[in-house]
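Notes to accompany the following structure.
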Amino acid sequence: MNVVELITRKRDGGVLSAVEIRELVEAYTTDRVPDYQMSAFLMAAMLMGMSPDESAALTEAMLRSGSVLDLTSVTGIKVDKHSTGGVGDKISLLLAPMVAAAGVPVPMISGRGLGHTGGTLDKLEAIPGFRTDLSIREYREQLADIGLVMIGQTAEIAPADRKLYALRDVTGTVEFIPYIASSIMSKKLAEGIDALVLDVKWGRGAFMRAEEDARRLAETLVGIGNRHDRPTVAWLTDMNDPLGFAIGNWPETHEAIRCLHGERVPAVSTLAEVLAGEMICLGGIAESPERGREVARETITSGAALRKFIEMVERQGGRSDVVMNPADHDGTVSAYDVVAPDSMDGTIASIDSYAVGRAAVRLGAGRETVDDEVDPMAGLELLKKSGDRVQPGERLARLYTNKSERVKEIVAAVAQAFEAGAQQKRPLLADRYADGRWSGASIPDGA
């Protein structure tokens, strides 16, 4: 392999073979290609584009850079779900036990918070004692025993992805759909899954700000899944406003637990049921996604989903008493109110989810530097949502933080995230992509 030749060919708009991409990724992962050459290749490919075949080959190379788990010993069709990230997105905590309670095994390897978006691992670890660092052996055994496991990425899973992501992060090559897609799918395919459901978000609080970019990402992700013989379905979902009322690790976990206890939370409950219905259908338990959604709802009303979540929490070392009674959580945090300014009188048109997500990070719910520690109790609760009436002096939100020196500026930032005016109605789920086509289906919040 001549690395300079590959860089030059891609720079000039040429196409690389699957073998060439595999050899390049393998050489870089094993330190036989230096950062400066890989940086040049990443930039050349980003500027000139990659074909669907090249994207699939990149995913395959990253997938094969580590272990690909074999879960054939686990009975049933193993199905996972992945979200591209959003503010207030606690769906996995609710959805996974619903699907497992319906009889579909759910092997879920999740990530930590990234930028203004929260991470499933940080939310799970807000439950005292909960372990996300299970070994592959523990992961496989727990899935076989209870049909549900939620852990973090191990050293064996797609090591090329970790190394390439770190390089992309410092070379301006993060926001390129083939790279995003290969990063997501290499990890998901390495989990040992049989099928996958994708929640591809667009809007102010998403990494894909424009709907058309999110559509292209969904098409790429589904295409890679199908090329690897994993039935894959994607929904396009709105991330302009925060999802639910809670933002932050324990606040979001608490909200998900309330849903498991039977409370309906706007947007959260609807999105969880739709995605769970797709998973239950792919898992062979329901004949259609619509019937799968009904099955998912039944796991909530019967208490089966809550029992499955408690079973997972206990198996992974967490305190189940906190799940049964969230008030038992012994974390402490100070609360501060955000009130509507004198100029705000009317209807809330929108809430800038990016601004709210950034505020949560500054409160301590996320990381501003790699070495920052996350405060599981930090975050905020929205007391008003889009479409609500508001008058000057009314409470808009409540902040939770131990960083009292930053409160004043964060309060002001959250207040500015609320915009008054005529509300623009958009469906929560804008469209569904499967089998190479968009269905044109849409589902409003609360449907």
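The values are calculated or read from the model by the stated rules, or taken from the named source; none is laboratory data. Quantities reported herein were computed from a predicted structural model and do not represent experimental measurements. Note: ideal-geometry Cβ built from the backbone for every residue, glycine included; neighbour counts use all protein chains shown.
Please find, among 301, 270, the residue that is over 16 Å from the mean Cα position of the chain (by Cα), of a type in the set (Val, Ile, Thr) and under 16 Å from residue 431 (Cα atoms). Don't jump to the end; show me each part of the working.
Working: 301 fails: under 16 Å from residue 431 (Cα atoms).
None of the other options fit; the residue is 270.
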Worksheet item: Could we say that residue 197 is farther than 25 Å from residue 41 by Cα, touching a Lys or Arg at 6+ places or on another chain (Cβ under 9 Å) and of a type in the set (A, V, I, L, M) here?
Response: yes
Discussion item. Whether any residue in the stretch 81-88 is assigned to a helix (DSSP H, G or I), surrounded by 15 or more Cβ atoms within 10 Å (Cβ to Cβ) and not charged (D, E, K, R) is what I want to check.
Written reply: no
Response to the item:
If we ask which residues in the stretch 264-301 are surrounded by fewer than 17 Cβ atoms within 10 Å (Cβ to Cβ) and either hydroxyl-bearing (Ser, Thr, Tyr) or not assigned by TED's automatic domain parsing to the domain that holds residue 247 (or both), their number turns out to be 2
Response to the item:
When (1) modelled with pLDDT under 95; (2) under 20 Å from the mean Cα position of the chain (by Cα) are applied to residue 228, the one that fails is (2)
Fill in: Number of the condition not met by residue 41 [criteria: (1) free of Cβ contacts under 8 Å to residues at least 40 places away in the same chain; (2) under 30 Å from residue 322 (Cα atoms); (3) crowded, with 17+ Cβ neighbours inside 10 Å]
(2)
Item to complete: Kindly list the number of the only condition in (1) small (Gly, Ala, Ser); (2) more than 18 Å from residue 30 (Cα to Cα); (3) touching a residue at least 40 places away in the same chain (Cβ under 8 Å) that fails for residue 135.
Response: (3)
Worksheet item: Does the stretch 49-63 hold any residues that are buried (at least 20 other Cβ atoms within 10 Å of the Cβ), hydroxyl-bearing (Ser, Thr, Tyr) and either outside any helix (DSSP H, G or I) or modelled with pLDDT under 90 (or both), and which are they?
Response: 55
Discussion item. I'd like to verify a number: residues in the stretch 234-253 that are surrounded by 24 or more Cβ atoms within 10 Å (Cβ to Cβ) and not in a strand (DSSP E or B), how many?
Written reply: 10
Practice prompt. Identify all residues within the stretch 154-207 that are over 27 Å from residue 35 (Cα atoms), within 13 Å of the chain's Cα centre (by Cα) and assigned to a loop (DSSP other than H, G, I, E, B); write none if there are none.
Written response: 205, 206
Worksheet item: Looking at (1) under 16 Å from residue 124 (Cβ atoms); (2) touching a Cys at 6+ places or on another chain (Cβ under 7 Å); (3) hydroxyl-bearing (Ser, Thr, Tyr), can you tell me which one residue 320 breaks?
Response: (2)
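Return the residue satisfying two criteria in turn: it lies in the stretch 3-25 and is assigned to a helix (DSSP H, G or I) and touching a residue at least 40 places away in the same chain (Cβ under 8 Å), and of such residues it is surrounded by the fewest Cβ atoms within 10 Å (Cβ to Cβ). Can you show your working first?
Taking the stretch 3-25 first, the residues assigned to a helix (DSSP H, G or I) are 3-11, 18-25.
Checking which are touching a residue at least 40 places away in the same chain (Cβ under 8 Å) leaves us with 18, 21-22, 25.
Working: 18: 14, 21: 25, 22: 19, 25: 26.
In this case the residue turns out to be 18.
Could you identify the single residue in 31, 53, 80, 35 that is free of Cβ contacts under 8 Å to residues at least 24 places away in the same chain and of a type outside the set (Phe, Trp, Tyr)? Can you show your working first?
Details: 53 fails: free of Cβ contacts under 8 Å to residues at least 24 places away in the same chain; 80 fails: free of Cβ contacts under 8 Å to residues at least 24 places away in the same chain; 35 fails: free of Cβ contacts under 8 Å to residues at least 24 places away in the same chain.
The unique qualifying residue is 31.
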Response to the item:
Note: among 281, 259, just one is under 20 Å from residue 441 (Cα atoms) and at pLDDT 95 or above, namely 281
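Quick check on residue 12: is it under 23 Å from the mean Cα position of the chain (by Cα), over 24 Å from residue 166 (Cα atoms) and charged (D, E, K, R)? Let's see the steps before the verdict.
Numbers: under 23 Å from the mean Cα position of the chain (by Cα): no; over 24 Å from residue 166 (Cα atoms): yes; charged (D, E, K, R): yes.
Judged against the criteria, residue 12 is not a match.
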